[in-house]
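Following this message is one structure expressed as structure tokens.
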Amino acid sequence: MAELSVPLAAAFRGERPLLVGLVEINLPERDLLLIDGAGELMVGNRLFVGRDETYGVLDSIKGLADTIGDQAPTLTVGLIPASTAALAALLAANVQGSAMTVAIGCVDIATGLVVPSPYGLFAGELDVPTVTWGANNRRLEYKCTSVADRLFLTQEEYRLSDAFHQSIWPGELGLAFVTDVETTVPWGQKLDTSAVQTRTNLPWVGASTGNRT
């Protein structure tokens, strides 16, 4: 448990630790702070509730797991909206992309307070909402993508040139006086390949040849 805070690690090693799931969704107008049960809990100086009077309750958390692969982790958070208006508000276009986190904490039974520094299990953003209608219930499930998903953005439109650089940071002259950043190759003309080149991104690292380009 080296990654846990000292108080939380000690609480988890206790005889009967009382665990609590904490979900925070940063909606455009305010933060939605929910626990996976009834009641209310203070986490630091913020109040997490089992039922938010405006938006409803937390229904489920699916997909939490440790994985290794070429895909960013995702999970699904289920909510039971308090009203039709709450459902409409949670489906609004500006809600998509809202930051959200899932953490696990431990309640000190003696004091009723959450042990400091809950352990973060997931950090990401709301992605795709799905509404499920039943005979006596109405559920909203949000597929959430991890912040690691941004690592797969190729950003192929980026250019190492002064014009592009200043289009992002106007007035920043870091590339204004750099030469040979862009090399123009005339179409249809024979290139000069007589120079000796050393390539470090090929199997023959360090080898030199006059014919490799």
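Could you list, in sequence order, all residues of the stretch 94-107 that are part of a strand (DSSP E or B) and crowded, with 16+ Cβ neighbours inside 10 Å?
Selection gives M100, T101, V102, A103, I104, G105, C106, V107.
Moving to a separate point now. Within the stretch 12-28, is even one residue without any contact (Cβ under 8 Å) to a residue 40 or more places away in the chain and hydrophobic (A, V, I, L, M, F, W, C)?
No.
Of everything in the stretch 108-128, what is crowded, with 19+ Cβ neighbours inside 10 Å, of a type in the set (A, V, I, L, M) and in a loop (DSSP other than H, G, I, E, B)? Give them in sequence order.
V115, the sole residue that qualifies.
Matching residues to (1) on the phi > 0 side of the Ramachandran plot; (2) touching a Gly at 6+ places or on another chain (Cβ under 7 Å); (3) among the hydrophobic types (A, V, I, L, M, F, W, C):
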| residue | (1), (2), (3) |
| --- | --- |
| Y55 | no, no, no |
| L64 | no, no, yes |
| L75 | no, yes, yes |
| I104 | no, yes, yes |
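Moving on. Run down A38, A10 and say which single residue is among the aliphatic types (A, V, I, L, M), surrounded by fewer than 16 Cβ atoms within 10 Å (Cβ to Cβ) and part of a loop (DSSP other than H, G, I, E, B).
A38
Give the residue, chosen from R30, R13, R51, that is charged (D, E, K, R), farther than 20 Å from S146 by Cβ, out of contact with any Cys (no Cβ under 6 Å at 6 or more places or on another chain) and modelled with pLDDT under 90.
R13
Please enumerate the residues belonging to the stretch 129-146 that are without any contact (Cβ under 8 Å) to a residue 40 or more places away in the chain and either within 27 Å of the chain's Cα centre (by Cα) or within 24 Å of T101 (Cβ to Cβ) (or both).
P129, T130, T132
Something else now. Taking T101 as meeting all but one of (1) modelled with pLDDT of 90 or more; (2) closer than 28 Å to W133 by Cβ; (3) of a type outside the set (A, V, I, L, M, F, W, C), write down the number of the exception.
Of (1) modelled with pLDDT of 90 or more; (2) closer than 28 Å to W133 by Cβ; (3) of a type outside the set (A, V, I, L, M, F, W, C), only one is false for T101: (2).
V102: within 22 Å of V20 (Cβ to Cβ) and over 23 Å from the mean Cα position of the chain (by Cα), yes or no?
No.
The values are calculated or read from the model by the stated rules, or taken from the named source; none is laboratory data. What you are looking at is a predicted structure, and each value in this text was computed from that prediction instead of being measured. As a convention, Cβ positions derive from the backbone with ideal geometry for all residues, glycine included, and neighbour counts pool all protein chains shown.
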